[in-house]
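Following: one structure in structure tokens, then a few remarks.
The values are calculated or read from the model by the stated rules, or taken from the named source; none is laboratory data. What you are looking at is a predicted structure, and each value in this text was computed from that prediction instead of being measured. Cβ atoms come from the backbone with ideal geometry, glycine included; neighbour counts cover every protein chain shown.
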């Protein structure tokens, strides 16, 4: 029997399993919820009845041969990839699997500095060494951009032994690099291209979207289905092209992925893939209309700048994701983080993040015009009631990293904890980042510069959540002793 | 066959009305709209499984939401009505000759059309020449107004579904901005009795209090609304609704009402202790 995008083999197998009323003497111990009535009341019987373990009719995520295999094949087809892997440890694990599939200890890997922490985490685990490309900065907005093609070319020329290039497609703010050209350069130099498409699921389904990794010949891509595609939090998909050996990639995934893959997460991937394959075009057309409407109304309020495709410059901003509602707030005298907190505390509106100069609202498959109206009205009120002169706000965001040693050597090296103000000129052994967006200000193995310290202190003062350091208050930092 | 409309007022309480027949049923972009004819209450309008009005008791709600502000400020000339696509508020408002203009903002055109066709006794004044109907999100409309209105009436559904935006901080703030110096905001303020409604009541009161110096709550008895005990909010930049009552002026108008009178006006602001405790 041949399957089409109208099928959802994993969903169908779970429905069948539920009908069959199997007596379970396996894990999980709650036995379809019978052993935890409080959880059943909270999550619902429907949900608990399919929170089950791998078994013959339901396949096994570590070694898929039947319904999971079929569901993954349909996902691969929907995304135009050679193979797809369902990931239940988040897109972070997909990013790690990409890096670990192509790098081993001591290998170089080229990446923009504004990668998500998961990429650098992968380097701590596998011992590869980052070669950072300065993503450039939009001075007015204070946001890091994409990688310029000539900067990637230079990094490749200077590091011909590098194994791969990582590209964000798009960045958290919606900025895309010239992926097609970067793939060409990297492949000419014998390097793989790994694409972090955590925020790019919709590129594969909507019209008038930036180019998706699998369409331009990239080798691997990590897709956060849960971010804009509608699946459950923590469920993701790793895509690979014909250039990769799927069996090797599966082995790499199985090094760190759970052997008890959640069927709730996996079925949500199967169901969401079907929805996007069948309705994605219409869904993301609507999402784009909502985001464009929000942008134009917010720009009419004055003071805010909801930016979009006008930033495109053919290079560091090769393209822009129109579904991202990124808003520059500094001209009303408020840091993005302050607007973020006002929205949540005063207006009961939770947005994705606020940084020093901007906020980001994610518009996705679940949004309606009513909520966009609330956001616009709340921003209008925040401007009316809270705006201040915009002087005195820090106007810089990109901090050039000075890499002294590999993240792995730094992380596992001899270290001492020092008060953060006494760390300038020393080598940091851990991460410091605002979360979200989770892009490191400092990564293990980097010099603590005056700029980095100032930025950390300023972000703390503005109320940003800083994390990554062993000291959860980020009052002290781990510093290498030798 | 017996046909009953049953409303789940809370997950543990149901309220039923025997129906003769279903007159209208449609799904709009925002909600499910139904009209039934019933022996006890006449025709009833139901949105998303909630009774919005019945022909028999709508006068209570509409008289109380309109006449209270007019008895405090007889000079109201420009009015913004949000929600109220059924026309009940407009029917009361247009009885005041002194009104110059009414903007009515209803998000759902299908509600207006259904009421014009099937509830003509309630909706009859929607086509009055003083009334301009805007099919728009109330939150969006009010955002664009500044110091324009003497009175804003918020005739919303409950704060779930399309009415949600009308119970928010950003909405009340924008209403404050849209009212002039003597402006009054009157809103449907939910019920103090069952927990989910009482929660909405408390939150609305707290949010309105952030913007207006004078904030009061008054009550009416509406048989078909959950618990029958319903509240309205009165917020103003200038007028106290009790001390500021101009009973003489209002009575001189000679408007015939079935529920409202100026003695009841005063009494409606006297709230039970359990309600006061929740509001303070």
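Here are a few things to note about the model shown:
- Criterion: away from chain B (no Cβ under 14 Å), in a loop (DSSP other than H, G, I, E, B) and closer than 26 Å to residue B:208 by Cα - qualifying residue of A:388, A:400: A:388
- Between A:310, A:352, A:297, A:338, the distinction of being touching a helix residue (DSSP H, G or I) at 6+ places or on another chain (Cβ under 6 Å) and either at negative phi or away from every other protein chain (no Cβ under 14 Å) (or both) belongs to A:297 only.
- Residue match in region A:369-380 (condition: more than 14 Å from chain B (Cβ to nearest Cβ), within 23 Å of residue A:141 (Cβ to Cβ) and modelled with pLDDT of 90 or more): no
- Residue A:364 falls short on exactly one of the conditions (1) away from chain B (no Cβ under 14 Å); (2) surrounded by fewer than 22 Cβ atoms within 10 Å (Cβ to Cβ); (3) at pLDDT 95 or above, and that condition is (3).
- Selection count, region A:442-455, where residues are surrounded by 18 or more Cβ atoms within 10 Å (Cβ to Cβ) and more than 22 Å from residue A:481 (Cα to Cα): 1
- For region A:58-134, the strands (runs of 3 or more DSSP E) that sit wholly inside it and include 1 or more residues that are at pLDDT below 95 and over 29 Å from residue A:14 (Cα atoms) are A:108-112, A:129-133.
- Yes/no for residue A:154 being touching a residue at least 60 places away in the same chain (Cβ under 8 Å), farther than 26 Å from residue A:467 by Cα and surrounded by fewer than 20 Cβ atoms within 10 Å (Cβ to Cβ): no
- Test: residue in region B:232-249 that is in a strand (DSSP E or B), out of contact with any strand residue (DSSP E or B) (no Cβ under 6 Å at 6 or more places or on another chain) and under 30 Å from residue B:173 (Cα atoms): no
- Hits in region B:176-198 (condition: assigned to a helix (DSSP H, G or I) and over 20 Å from residue B:62 (Cβ atoms)): B:176, B:177, B:178, B:195, B:196, B:198
- Hits in region A:329-363 - residues which are more than 13 Å from residue A:374 (Cα to Cα) and assigned to a helix (DSSP H, G or I): A:330, A:331, A:332, A:336, A:337, A:338, A:339, A:340, A:341, A:342, A:345
- Meets criteria (in a loop (DSSP other than H, G, I, E, B) and surrounded by 23 or more Cβ atoms within 10 Å (Cβ to Cβ)) for residue B:225: yes
- Residue identified as free of Cβ contacts under 8 Å to residues at least 40 places away in the same chain and surrounded by 14 or more Cβ atoms within 10 Å (Cβ to Cβ) among A:49, A:37: A:49
- Selection count where residues are in a loop (DSSP other than H, G, I, E, B) and over 20 Å from residue A:326 (Cα atoms), scope region A:145-164: 6
- Against the numbered list (1) within 14 Å of chain A (Cβ to nearest Cβ); (2) within 17 Å of the chain's Cα centre (by Cα); (3) closer than 21 Å to residue B:269 by Cβ, residue B:206 comes up short only at (2).
- Residue within region A:291-300 that is under 20 Å from the mean Cα position of the chain (by Cα), part of a helix (DSSP H, G or I) and more than 30 Å from residue A:28 (Cβ to Cβ) present: yes
- Checked against the criterion of being within 14 Å of chain A (Cβ to nearest Cβ) and at pLDDT 95 or above, the candidates B:72, B:81, B:142 yield just one match: B:142.
- Residues within region B:203-242 that are free of Cβ contacts under 8 Å to residues at least 12 places away in the same chain and either outside the structural domain of residue B:182 (by TED's automatic domain parsing) or within 21 Å of residue B:56 (Cβ to Cβ) (or both), tallied: 1
- Exactly one residue out of A:317, A:365, A:339 is in contact (Cβ under 8 Å) with a residue 12 or more places away in the chain and more than 22 Å from residue A:170 (Cα to Cα), and it is A:339.
- Residue A:287 within 21 Å of the chain's Cα centre (by Cα) and not assigned by TED's automatic domain parsing to the domain that holds residue A:171: yes
- Selection from region B:52-64 of residues that are in contact with a strand residue (DSSP E or B) (Cβ under 6 Å, 6 or more places away or on another chain), more than 17 Å from residue B:118 (Cα to Cα) and crowded, with 24+ Cβ neighbours inside 10 Å: B:64
Residues are listed down the side, and each one gets a yes or a no for (1) within 14 Å of chain A (Cβ to nearest Cβ); (2) modelled with pLDDT of 95 or more; (3) within 21 Å of residue B:34 (Cβ to Cβ):
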| residue | (1), (2), (3) |
| --- | --- |
| B:103 | no, yes, no |
| B:114 | no, yes, yes |
| B:119 | no, yes, yes |
| B:126 | no, no, yes |
| B:133 | no, yes, no |
| B:158 | no, no, yes |
| B:170 | yes, yes, no |
| B:178 | yes, yes, no |
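- Of the strands (runs of 3 or more DSSP E) lying entirely inside region B:71-151, the ones with 3 or more residues being touching a residue at least 40 places away in the same chain (Cβ under 8 Å) are found at B:78-83.
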